[in-house]
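Reading through the structure tokens given below for one structure.
The values are calculated or read from the model by the stated rules, or taken from the named source; none is laboratory data. All values derive from a computational prediction rather than experimental measurement. For neighbour counting, all protein chains shown are included, and Cβ atoms are generated from backbone atoms with ideal geometry for every residue, glycine included. Side chains included, ligands, DNA and RNA excluded: accessible areas come from the protein's heavy atoms. Shrake-Rupley method; radii C 1.70, N 1.55, O 1.52, S 1.80 Å.
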Amino acid sequence: MTSSNERPSFAHRFARSLLGKPEVSIPDTTIQSAKVLMKDLTAIPEADWWKYAFSREPMNGRFTDTQRRDMYEKAMICGHKKAEECLAAYGNISPEQLARIMGMDVRFPHMPQSRSRILFAEFKEPDTIYVYQDGIEKGEALFSEKGVYEVLPEPIDLAQILIAHELFHVCELKDPTLWTKTYTVELWKLGWFVNRSPVAVLSEIAAMAFASRLNGLSFSAYVLDAFLAFGYSPIAGSALYDEMMQAAGRKPSLPDWKS
Ligand SMILES: [Zn+2]
């Protein structure tokens, strides 16, 4: 929370909008290097992202850690399974090729039409996936920094990971029997009347797991949240890095210039 007479700078307001969490205190963040960020975040096992993932769920406060972990695992398995099915059906093709086979139009505009917030990619029903070049270019520019690409466990293609994530949402639209579309939790009960609701973040978790598996990654595609944000604002990327490390029960590294 900021007090009413405190006016955050544009950079800080911009950075906060990238985090998806306006209450995060940006000035407390120490700026990392892109290399440390990638090295540490790609080392987090995919199963350990549950706490970070659920921090973006509007109903997060209703769940216990046991429930969060359990739902995360089921959503992750759902994403992996769907990716395995695609790989078995179409072989080793790129997510972009797969999207086109599935009837999608994949477009690469520079930026979203509405610039009210930073967006890296989106699926617009019924059949268009947009990947915004501005974010990709900023991410790729980070790869030219010394040692950044070298710390990756395997080579990555930013655009293909983003396409794969959106492609999972296409699968959800085409197949409403997918677990993420059918799973609901009980909100309240009144006599015989039970009100149930889907859990929005499960789609995101499954889409990330789908993107990781389809791209042959040994780490979670959630890493890109921090990396692509870093391309726009090192302070926002570093704040996400700290949050992700802590959520995974790990100690953030000291920045290069302090160690
Ligand atoms: Zn998504």
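Some points to look at:
- With respect to (1) more than 12 Å from the ligand (Cβ to nearest atom); (2) open to solvent by 20 Å² or more (accessible area, probe 1.4 Å), the lone exception for residue 204 is condition (1).
- Here residue 200 fulfils each of the conditions (1) of a type in the set (A, V, I, L, M); (2) touching a helix residue (DSSP H, G or I) at 6+ places or on another chain (Cβ under 7 Å); (3) closer than 24 Å to residue 178 by Cβ apart from (2).
- Restricting the range 94-135 to residues that are in a loop (DSSP other than H, G, I, E, B), of a type in the set (A, V, I, L, M) and out of contact with any Cys (no Cβ under 9 Å at 6 or more places or on another chain), the residue that is least open to solvent (accessible area, probe 1.4 Å): 104
A quick yes/no check of all residues on (1) within 16 Å of the ligand (Cβ to nearest atom); (2) under 15 Å from residue 226 (Cα atoms); (3) among the hydroxyl-bearing types (Ser, Thr, Tyr):
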residue: 136; (1), (2), (3): no, yes, no
residue: 145; (1), (2), (3): no, no, no
residue: 149; (1), (2), (3): no, no, yes
residue: 153; (1), (2), (3): no, no, no
residue: 157; (1), (2), (3): no, no, no
residue: 160; (1), (2), (3): yes, no, no
residue: 163; (1), (2), (3): yes, no, no
residue: 167; (1), (2), (3): yes, no, no
residue: 172; (1), (2), (3): yes, no, no
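- For the range 188-201, a tally of residues being without any contact (Cβ under 8 Å) to a residue 40 or more places away in the chain and away from the ligand (no atom under 16 Å from the Cβ) returns 9.
- Subset of the range 25-49 (residues that are among the β-branched types (Val, Ile, Thr), surrounded by 18 or more Cβ atoms within 10 Å (Cβ to Cβ) and either at pLDDT 95 or above or assigned to a loop (DSSP other than H, G, I, E, B) (or both)): 29, 36, 42, 44
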